[in-house]
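Below: one structure, written as structure tokens.
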């Protein structure tokens, strides 16, 4: 596979990620500016319970990222304390990385089961062609862009990709969270 092809694949997904990020930030700014917090008071019991929020996030990351991580970045800004924010973002990144590893091992252990074949047919088949074409580079792209990180991790496990290599390339997930956390912190502190 040529570097040019890999570059185009990454750029295409990177642009999708930037577009999603711009839309998300725009909604966040408009929401912050025009929606009364009292309107969302019914969410307060969940919103103020850190354990519940992290539990919801963990389930979301294991189940192919059903809630975008950016929602949790916004939640993490609520205290206004940069140290607590960095701590929460690190925990979110760690949970996401761990969910990917869990997905990898689910792929390893369940790849011959009926359940896995259904998951593969329903969710993973479209990414199989990317795996065949890009190999390990798919892990890096999934770690940095909106490609479903947990699903790609499961796919990598199902094809018996070497775990140490997977775990190394998946560390790019921390880079994404670091960059996004800076963006969301800056947006949140704007008046």
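Each value in this text was obtained by applying a stated rule to the coordinates, not by laboratory testing. Everything quoted here is computed from the prediction, not taken from an experiment. No Cβ is skipped: glycine too gets one built from the backbone with ideal geometry, and neighbour counts run over all protein chains shown.
Between the Cα long axis of helix 149-158 and the first principal axis of the chain there is an angle of about 20°, rounded to the nearest 10.
As a proxy for reagent exposure, ranking 81, 4 by other Cβ atoms within 10 Å from fewest up yields 4, 81. Across 76, 160, 96, mean-square fluctuation computed from a Gaussian network of the chain (C-alpha pairs under 10 Å connected) peaks at 160. In summary, the convex hull built on the alpha carbon positions of segment 46-102 has an orientation-averaged projected area of 3.5 nm². Between 157, 178, 103, the GNM of the chain built on Cα springs shorter than 10 angstrom shows 178 fluctuating the most.
Tell me, in nm to one decimal, what length is gained between residue 123 and residue 16 on full extension, where the rule is 0.36 nm per residue of separation less the Cα-Cα distance?
The residue 123-residue 16 span can extend by a further 36.6 nm.
Mind checking the angle between helix 125-134 and the chain's longest principal axis? C-alpha axes, 0 to 90 degrees, to the nearest 10. Long axis of 125-134 versus the principal axis of the chain: about 70 degrees. Result for the chain in a Gaussian network model with C-alpha springs under 10 Å: among 11, 102, 92, the largest mean-square fluctuation is at 11. Here the calculated FRET efficiency for residue 32 and residue 115, from their Cβ-Cβ distance with R0 = 30 Å, stands at 0.10, rounded to the nearest 0.05. Can you give me the distance in nm between label points at residue 190 and residue 168, each placed 7 Å from the Cα along the Cα-to-Cβ direction? Each label point lies 7 Å from its Cα, and together they span 4.0 nm. Here each label is just a point 7 Å from Cα along the line to Cβ, and for residue 108 and residue 136 those points are 1.7 nm apart. For helix 82-110, what angle does its Cα long axis make with the longest principal axis of the chain, in degrees from 0 to 90 and rounded to 10? That helix lies at roughly 30 degrees to the long axis.
Each peptide in 114-126, 162-174, 53-65 was scored by the mean count of other Cβ atoms within 10 Å over its residues; highest first, the order is 53-65, 162-174, 114-126. Remark: relative contact order (the chain) = 29 percent; criterion is Cα-Cα distance under 8 angstrom and separation of 6 or more residues.
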